[in-house]
Structures are given as structure tokens and as C-alpha cells.
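**Student:** Structure provided below as C-alpha cells; questions to follow.
The values are calculated or read from the model by the stated rules, or taken from the named source; none is laboratory data. Everything numeric here is computed off the predicted structure, so don't read it as measured data. Because the Cβ atoms are built from the backbone with ideal geometry, glycine has one as well, and the counts that use them run over all protein chains shown. Quick note on the areas: whole protein, heavy atoms, side chains included, nothing else; ligands and nucleic acids left out. Shrake-Rupley method; radii C 1.70, N 1.55, O 1.52, S 1.80 Å.
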Amino acid sequence: MDRQRGRTNRRRFLLIAGLPLLAVGGGMTYLLWPEPYRNPVRTDLEPLNKRFKPYLGELSQAHWLGYDIDEASQDSRTIPGPDSRIRLVGVAHLPPGGAAAVVRAPGRTFAPAEPPAMPGRLTPYVPAAAAWQHSPEFDTHVNGKSSDATSASGEYHFDVERDLVRFDVLYLFS
């Protein structure tokens, strides 16, 4: 009987001492484990105005993301590729009357269009009732004039009533 009782006490001791140690170890592992990189929603205007001002005018109240699409989809411990594919996606206000000026400019045909889906973190900044208009000619005009990138591709959608531009552009740097 004493042997049985000794085992129970030893088990009880291991349980009482081991569970808190296990909980502390698990908690420390959780706290020290590196989080995946989260690209924050940006509101700074300088990078956007540097790229888009010649075509859109001075932007204001922007919410956007800019990230290397290859790094975002892979573990950070991979060998970097020779190219960087940078995606700029977001929404910004144009100067008053700016969207109407772009849409009514000669040589481009704008038509109502549904823009591609935006990353979830940007959807709170995009009005649900916006009447987006798009022109492939305008996309070609802006994307073909990229100065600091090897190539650019993407779309620009405009809401004339709110003077908004919604952009989703991919730059390839080599």
C-alpha cells in the first residue's frame, strides 16, 4: 500500500510542478516566436505623388500598400531573385475636378468598369457606392512612361463624383 501511495504522490508532484513549467514554456515560445511580416496600410503621399503627379495631379488622403509580391508569398529565408515585383495598390483623392479632367481628356475612352478586388486591409477606405470608370488607353499611357522601373502594368479607375483614383500597379525592377 505504501508503494501505491508513493507513486500517486510522485505523479501528483510531477503534475503540479510540470504543468506550470509547460505553460510558462509555451507562453514564452508564443511571445518570442517571430510574427510574419505584415505590410501596414500607408498614408504617406510622397511616393505616390512622385510616380503619379504628372498624370493625376497632387494626390491627397491616400490609403495604399506597397510591397514585393514575391517576398510576401514566400518565407523570408529564401534566396532573393534577380527581379523585384513591387505592387502599389490603393485609393487616393485627386485635386477638385481632377477625375473629371482625366476622364474627359481627348484620346481616351472611359467606360464604367468593376475594378479588381483590393486587399482586405484597404476595403474600409473604398466607398461601396463609387461609380468607377476605366480606360485601357489611360493605363497604357501611364504605364508606358515609367521612369525608374523596367516595366509597369496595372489599372487606374476613377470616380468622378468623389474625385477618387483607385490604382493597382505592378512594377518590375531588374
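**Student:** Given (1) touching an Asp or Glu at 6+ places or on another chain (Cβ under 6 Å); (2) among the acidic types (Asp, Glu); (3) farther than 21 Å from Ser60 by Cα, where does Glu114 come up short, assuming only one miss?
**Tutor:** Glu114 satisfies every listed condition except (1).
**Student:** Of a type in the set (Asp, Glu), open to solvent by less than 20 Å² (accessible area, probe 1.4 Å), in contact with a strand residue (DSSP E or B) (Cβ under 8 Å, 6 or more places away or on another chain) and touching a residue at least 24 places away in the same chain (Cβ under 8 Å), is that true of Asp159?
**Tutor:** yes
**Student:** Can you tell which of Ile86, Ile79 is β-branched (Val, Ile, Thr) and at pLDDT below 75?
**Tutor:** Going through Ile86, Ile79 in turn, the sole match is Ile79.
**Student:** I'd like to check something: does region 30-41 contain any residue that is surrounded by 13 or more Cβ atoms within 10 Å (Cβ to Cβ) and at pLDDT 80 or above?
**Tutor:** yes
**Student:** When you go through Arg108, Arg121, Arg87 one by one, which is the residue that is open to solvent by 30 Å² or more (accessible area, probe 1.4 Å), charged (D, E, K, R) and without any contact (Cβ under 8 Å) to a residue 40 or more places away in the chain? Walk me through how you get there before you give the answer.
**Tutor:** Working: Arg121 fails: without any contact (Cβ under 8 Å) to a residue 40 or more places away in the chain; Arg87 fails: without any contact (Cβ under 8 Å) to a residue 40 or more places away in the chain.
It is Arg108.
**Student:** Looking at the structure I just gave you, is Val126 buried (at least 19 other Cβ atoms within 10 Å of the Cβ) and among the β-branched types (Val, Ile, Thr)?
**Tutor:** So Val126 does not fit the description; no.
**Student:** Moving on to the next point. Go through region 86-110 residue by residue and tally those that are farther than 16 Å from Asp163 by Cα and not hydroxyl-bearing (Ser, Thr, Tyr). Quick ask: steps written out before the conclusion?
**Tutor:** Going residue by residue through region 86-110, those that are farther than 16 Å from Asp163 by Cα are 86-89, 106-109.
Going one step further and asking which of them are not hydroxyl-bearing (Ser, Thr, Tyr), we end up with 86-89, 106-108.
Qualifying residue count for the region: 7.
**Student:** A follow-up question, please. If Asp68 satisfies all but one of (1) exposed (fewer than 15 other Cβ atoms within 10 Å of the Cβ); (2) modelled with pLDDT under 85, what's the number of the condition it fails?
**Tutor:** (1)
**Student:** Sort out which residues of region 138-150 are modelled with pLDDT of 80 or more and exposed (fewer than 13 other Cβ atoms within 10 Å of the Cβ), and write them in order of number. Step through it out loud before you land on a result.
**Tutor:** So the first thing to find is which residues in region 138-150 are modelled with pLDDT of 80 or more, and the list is 138-143.
The answer is Thr140, and nothing else.
**Student:** Kindly provide the set of residues from region 90-105 that are open to solvent by 60 Å² or more (accessible area, probe 1.4 Å) and hydrophobic (A, V, I, L, M, F, W, C), ordered by number.
**Tutor:** Ala101
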